[in-house]
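Each reported figure results from applying straightforward, stated rules to the coordinates on display, with no laboratory input. All values derive from a computational prediction rather than experimental measurement.
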Amino acid sequence: MLEKNGTRYNFMDNQNAVMVIVAVCAAILLIGALKRQKEWLINLLFRTVTGTLGIFFINLGLANWGMQSTIGINAVTVLTTAILGFPGLFLLYGIHFYNTM
């Protein structure tokens, strides 16, 4: 409990309110996604395949240029490209090259 200018603020009430707002927003997004579930799943599958192929071919190109730093194809990288698409692919390589510097 925090007092400021004679007014008491209870942070637990504020956290609970924020959690309720986030839960309601997530529920609304979930309802909207379920209405377009087929389209959403096809889009997710397409981004998964193109992202995995993108990682494979970028790694192949980097190996041909003599660079030994590559991104592995695993569950984390596949899910990143599936959820974020090509920006996720660029994000993975950006983080990787930043860490190798």
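Annotations
- The stretch between Thr100 and Ala33, if pulled fully straight at 0.36 nm per residue, gains 20.3 nm over its current Cα-Cα span.
- When only Cα pairs below 8 angstrom with a gap of at least 6 residues are kept, region 44-101 shows a relative contact order of 44 percent.
- Difference of contour (0.36 nm per residue) and Cα-Cα distance, Ser69 to Ala26: 11.7 nm
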